Structure formats: C-alpha cells, structure tokens
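A short worksheet on the structure shown next.
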Amino acid sequence: MNALGQAGGDARQSARFLLLYALGWAGCSIAYVPFLTVLLPLRVTDMAGAGDVRVLGYLTFGGAIAASLANIAFGWLSDRTGYRRAWVAAGLAGNCALLLMVPLAQGAGQLLALLLVWQVMLNMMMGPLSAWAGDCVPDGQKGLLGGLMAFAPAAGAVTSAVVTIPGLAGPEGRLWIVATVVAVCVLPVLLFGRPRPFPELMRDDLRGPAEAADPAKPVKRMWAARLLVQVAEAALFAYLLYWFRSIDSAVTDAEVARIFGFVLAAAVPLALLSGRWADRAGRPIVPLAICAAIAALGLVTMALAQGMALALSGYVVFGLSSTVFLALHSSQTLRVLPRARHRGRDLGIFNLTNTVPSLFMPWLTIAVVPAFGYSGLMAILAVLAVIACLLLISTARTLSRKG
C-alpha cells in the first residue's frame, strides 16, 4: 500500500479522491491568484491610468467583503441542501464566465460590480468544496490532506508566471487561459471523485474536543491562531517588495517574484512530510505550533536584518513555515468543528481569517512603518506569531486530554 493509502489506519479515503480533491483545490487558487495579483491590476491601470491605486483599493476592499459574506452563505446553503457538488459546479461555471467578461467592463463602476459578482461565484465554488473534505476525509488523513493542499498556492503562482510570459497571449487571451485551467483542475473531482462514504463524519453530534466543558474553546483558539498568522502573511504579501527595497534599492520585482515562487514550491514537500508525520503520530496540532514558532523566528530575523543576506534568510524561514502552517491548518480545522450539519457555515466563518486581514492590514502598516520602520512592523508581526503558537499549544493539550 502506498503512502496515500496507508494514512489513518483502517479508515481511509481513497487515494484517487484525495489527489483529485487536491487538484480541484489548486484550481480554486488558480481562479483568483493570477486575476487578483496580475490581471486585475493591469486592467485597472489601462482603465484608470494615474488613479489606478485608488480604484484598485476600492475593488480590493469591496471584493474582500463580498468574499467573506459569500463564503459563509454558500457554506450554509450547502449544509442545508446536503449536497456540495452542485454548488461547486455552479460556482465554477459562474467564475469562469465572469472572468471572460472582464474586458467588457467599461468603467470603474462596471468593473466593481463584475468583481463583486465574481467573488460571489468564486466562493460558491470554494465554500462547499472545503466542506466536502470534512464530509469525506477521516481524521487520520487530515494531515496528508493539508500537505496536498499546499500545492494550491504554488499552482496559483506558477499560473501567474505562465500567463504573463511576453507574447503568449493578450489581455483577453490570458483570461481565457486562466478560465480553461481552472475548469480542467476542478471538473475531475466533480465528475470522477466518487469518495468513499464515512457516516461517522456526518453525525450531528459532539466529537473529540467538543466533549469538553466548553466545546467552542479549541475552535476559537484555532480561529484566532490562523488570523494572527494570516495578518503577518498578508502584510508580507503586500509589502514584500517595498521591504526588500528598503534594505537594497536595487532589488527588482522579478527577483522578488522568483523568491516568492521558490518559497511556495519548497513548502510543498515540507507540508506533505509534516502532514504525514501528524497523521502517523496522532499529533495533529503540533506541526502547526512548531510552524508558528518558526515563523516568529523568521520575522525576528527580518526585523534585525541590515543586509540582503540576513533579510532573505529571514523571509525564506518565515515564508516556508507560514505556507506549511496555512495548508495544514486548513485541513486540521475540520477536526475541531463540532457539528457536521453546520460544517460549511463554520468553515465560512473560518474563512474570515483569510479576508479580514486585507481590510485592516494596510492601516496597521500605515500606522507603524512611518514611525518605527519596517523593523517595527516585523517585530509586531513576530509577537502575533508567538501568540498564535501559544494558542495552538493550548489547543494541542485540549485535544490530547480528550483523545
């Protein structure tokens, strides 16, 4: 039996479903990473010219709110209907169609309206798809699932690099490429996934940590820990180029893109190894706590860096640990949610940890960097990562007592 088939003792989901699900999840990342990081800003620049930063800010803010609400709503609707696949398929169709409509938007208002509806369609696909994993993947394979989900960010980054190859395609052609790749990735799990049923995962009762006196405590700690790490990750994602240039003004955007891509790719085998260890050892939260601690160490290194060598080392340490953390956290969250009938809705609430940081992170940066520099910002983010580590240690102890 291969490694995919061995995880989780006798209760194992098929390797085929796990691989197809990971491919589908990568498709979700491809659906938004190239669009939001490259194609949308280029469209805004063509449309708004000198006012592109302001227009893009409005679009980003509105899109984050729409994504937050839609993920909760469609997770809840998939709970109520008891069928995830139809929602994912409808979201896939709507997402691809709206991507192709972007060139038709003639002004900022039309582009904002299209972006809001696109976010709704994207989260119609992602919300039920994330809950589907909770319905089908037993606890003994959730670490492996998290490791496989680490392919998604790398897939999004690679697609962004490919569609922007000079001469490959024009603005409309790039959108067609993205929409096609998304469909190719997501459709197989919808058509051929056929997961083995696990009735115990669908029981509407309190399991594991939920048997504690306060079953919400592990859920709250997991939510808060992810939010804290996501704040740090979002800050570095948005201001990484500016930070590198504050240390060495000769750094180019292409160099930063290569560094970012290397970190995402290198994190994949680390996430797989960490997830497999968590499954075999029965210690699902320990890798998360370790990753948060290492992320804090990387941020401290970045705060102290005066030259590019130390700065780059610190970022690689932070980037690897935070990417592994986010991938494994996405799957292990399914372990602490107490009620199957609210799984989609609750995962939508967890998704706020992905969208909320983009709403207030710019204000944190504006408040800190002018007064204390990027070193002060990195120090604050390191403290947040340490708090996340402590929350996860507490969660691990709770799970161990109730295991």
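Every number in this text was worked out from the coordinates using simple rules, so none of it is lab data. Because the structure is predicted, anything quoted here is derived from the model rather than measured. Please note: Cβ atoms are built from the backbone with ideal geometry, for glycine as well, and neighbour counts cover all protein chains shown.
List pairs: first in segment 19-46 and among the polar types (S, T, N, Q), second crowded, with 20+ Cβ neighbours inside 10 Å, Cβ under 8 Å, 6+ apart or cross-chain?
What qualifies is Ser29/Ala152; Ser29/Pro153; Ser29/Ala155; Ser29/Gly156; Thr37/Ser160.
Yes/no matrix, rows are residues, columns are (1) farther than 30 Å from Val120 by Cβ; (2) surrounded by fewer than 23 Cβ atoms within 10 Å (Cβ to Cβ); (3) in contact with a His (Cβ under 7 Å, 6 or more places away or on another chain):
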residue	(1), (2), (3)
Ala309	yes, yes, no
Gly319	yes, no, no
Leu326	no, no, no
Arg335	no, yes, no
Arg341	no, yes, no
Gly348	no, no, no
Thr365	no, yes, no
Ala379	yes, yes, no
Arg397	yes, yes, no
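Is one or more of the residues making up segment 88-110 closer than 29 Å to Pro284 by Cα and either basic (Lys, Arg) or in a helix (DSSP H, G or I) (or both)?
Scanning segment 88-110 turns up at least one residue that is closer than 29 Å to Pro284 by Cα and either basic (Lys, Arg) or in a helix (DSSP H, G or I) (or both).
Considering each residue of segment 72-109, count those that are among the polar types (S, T, N, Q) and in contact with a Leu (Cβ under 8 Å, 6 or more places away or on another chain), and give that number.
Count: 1.
With respect to Ala161, is the statement that it is touching a residue at least 12 places away in the same chain (Cβ under 8 Å) and crowded, with 18+ Cβ neighbours inside 10 Å true? First the steps, then the outcome.
Numbers: touching a residue at least 12 places away in the same chain (Cβ under 8 Å): yes; crowded, with 18+ Cβ neighbours inside 10 Å: no.
Considered against the rule, which asks whether it is touching a residue at least 12 places away in the same chain (Cβ under 8 Å) and crowded, with 18+ Cβ neighbours inside 10 Å, Ala161 comes out as no.
Do we find a residue being of a type in the set (S, T, N, Q), under 16 Å from the mean Cα position of the chain (by Cα) and either outside any helix (DSSP H, G or I) or under 20 Å from Ala150 (Cα atoms) (or both) anywhere in segment 223-233? Spell out how you get there, then give the answer.
Residues of segment 223-233 of a type in the set (S, T, N, Q): 230.
Next, only the ones that are under 16 Å from the mean Cα position of the chain (by Cα) stay: 230.
When the remaining residues are screened for being either outside any helix (DSSP H, G or I) or under 20 Å from Ala150 (Cα atoms) (or both), the result is 230.
The answer is yes; a qualifying residue exists.
What helices (runs of 4 or more DSSP H) completely inside segment 290-403 contain at least 3 residues that are among the hydroxyl-bearing types (Ser, Thr, Tyr) and in contact (Cβ under 8 Å) with a residue 40 or more places away in the chain? It would help to see each step written out before you state the result.
Values: elements: 308-336, 343-350, 352-402.
Ranges flagged: 308-336, 352-402.
Kindly list the number of the only condition in (1) of a type in the set (S, T, N, Q); (2) in contact with a Gly (Cβ under 9 Å, 6 or more places away or on another chain); (3) over 18 Å from Pro34 (Cα atoms) that fails for Gln110.
All conditions are met except number (2).
Of everything in segment 212-269, what is among the acidic types (Asp, Glu) and more than 21 Å from Ala295 (Cβ to Cβ)? Give them in sequence order.
Residues satisfying the conditions are Asp214, Asp248, Asp253, Glu255.
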